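The values are calculated or read from the model by the stated rules, or taken from the named source; none is laboratory data. Keep in mind that this is a model prediction, so the values were computed, not measured. Positions of Cβ are generated from backbone atoms using ideal geometry, with glycine treated the same way; all protein chains shown enter the neighbour counts. All accessible areas refer to the heavy atoms of the entire protein, side chains included, with ligands and DNA or RNA removed. Shrake-Rupley method; radii C 1.70, N 1.55, O 1.52, S 1.80 Å.
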Amino acid sequence: MSAFSAEWLDLREPADVAARAPELIERLVQWSDGCEHIAVVDLGAGTGSCLRALAPDIVSSQTWRLIDRSGTLLQEANTRLSAWGHDRGLSTQEMHNCWRAMGKGVDYRVVFDARDLGAGFNNIAPPVDLVTVSALLDLVSEVWCRDLARWCSVVGATLYTCLNYDGKFHFTPSHPDDHDVCDAINQHQRRDKGMGPALGSDAIRVLLRELAIVGYQSVTAPSPWLLGPDNGTLQGTLVRGWSNLAGGEGEECSERVSRWRSFRLAAIEACQSYLNVGHVDLWAWPER
Ligand SMILES: C[S@@+](CC[C@H](N)C(=O)[O-])C[C@H]1O[C@@H](n2cnc3c(N)ncnc32)[C@H](O)[C@@H]1O
């Protein structure tokens, strides 16, 4: 499964829904209560899971611009949103690069915008009331965080960013090589993923600093994935992906990682594996 396949995003979506910090979603709900309509830009939107998670709880008239580098994922978003809308009893319309759902006082309009966010934000059309960023920040650079904070401040948008990996995972039962695998993953996270040298788990710290510089207030809250035997497929996919990344050079290293992987997959198979993956969510707003 590739890093950003629709299959991977489908697999993680229920865990993401369970993990997003409820206290920050509550802030979002309270903020949107004061609006008649909101214009949202979702950066690195994938198949639209952030919209599906938030839209039902906030003001019912919404326009979303889903931005992703992958036109394929945005097409998948279109398909998934239609199924999601039908499940909610909404009548949906799919148009070229657009989608709309209406019913019971609800009006959701979506624009699919395939573009590389490595090129910045400056030509994203206003108005932008809310910027959402879900499971993306570990890929971005210090300059990208600075530009994001500046852009939010120029357009006057509130910012919600969630599921930002904090650099820690914890398995039960533990294994002596857990720390080394985690270190290898965190080093890999620092490689350039197309938006400058990646910050990995440092992204939230940097973004908080940049938001403060442009006069934003921020709050954060933990949003860990708490995975048990019911999430065996997700755990197994993570273990396989991490062991591929941590395999490293040299026979001794790859044998150790291979033993770690076998231990982990056996525990998952036996329904005895529990995994906590640390994430942080952030809500930031301009000081008035
Ligand atoms: C981990 S996925 C998260 C997707 C979605 N936000 C979610 O929470 O399910 C990261 C997304 O960022 C997108 N992405 C990565 N680099 C990008 C770039 N330079 N420009 C635009 N999108 C990018 C990927 O295509 C992928 O859909």
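What are the pairs, 6+ residues apart or on separate chains, where a residue within the stretch 132-154 that is more than 12 Å from Gly120 (Cβ to Cβ) has its Cβ under 6 Å from a residue that is among the hydroxyl-bearing types (Ser, Thr, Tyr) and open to solvent by 10 Å² or more (accessible area, probe 1.4 Å)?
From the stretch 132-154, the pairs are Asp138/Tyr165.
Just checking, which of Arg27, Arg80 is surrounded by fewer than 20 Cβ atoms within 10 Å (Cβ to Cβ) and either of a type in the set (Lys, Arg) or under 23 Å from Thr220 (Cα atoms) (or both)?
Working: Arg80 fails: surrounded by fewer than 20 Cβ atoms within 10 Å (Cβ to Cβ).
Criteria check complete, one pass: Arg27.
How many of the residues making up the stretch 56-67 are open to solvent by 20 Å² or more (accessible area, probe 1.4 Å) and closer than 25 Å to Val140 by Cβ?
2
Which residues, taken from the stretch 117-150, are modelled with pLDDT of 95 or more, open to solvent by 70 Å² or more (accessible area, probe 1.4 Å) and within 14 Å of the ligand (Cβ to nearest atom)?
Within the stretch 117-150, just Val143 meets the criteria.
Cβ-Cβ below 7 Å, separation at least six or inter-chain, first residue in the stretch 225-236 and touching a residue at least 24 places away in the same chain (Cβ under 8 Å), second charged (D, E, K, R) and open to solvent by 10 Å² or more (accessible area, probe 1.4 Å): which pairs?
Leu234/Arg12
Quick one: count up the residues across the stretch 92-106 that are within 28 Å of Leu282 (Cβ to Cβ) and open to solvent by 20 Å² or more (accessible area, probe 1.4 Å).
So the count comes out to 1.
Just for the stretch 151-166: of the residues that are open to solvent by 10 Å² or more (accessible area, probe 1.4 Å) and over 12 Å from the mean Cα position of the chain (by Cα), which one is farthest from the ligand (Cβ to nearest atom)? Break it down stepwise before answering.
Of all residues in the stretch 151-166, those open to solvent by 10 Å² or more (accessible area, probe 1.4 Å) come to 151, 153-156, 165-166.
Retained after the next criterion (residues that are over 12 Å from the mean Cα position of the chain (by Cα)): 151, 153-156, 166.
Working: Trp151: 14, Ser153: 21, Val154: 20, Val155: 18, Gly156: 23, Asp166: 15 Å.
The residue in question is Gly156.
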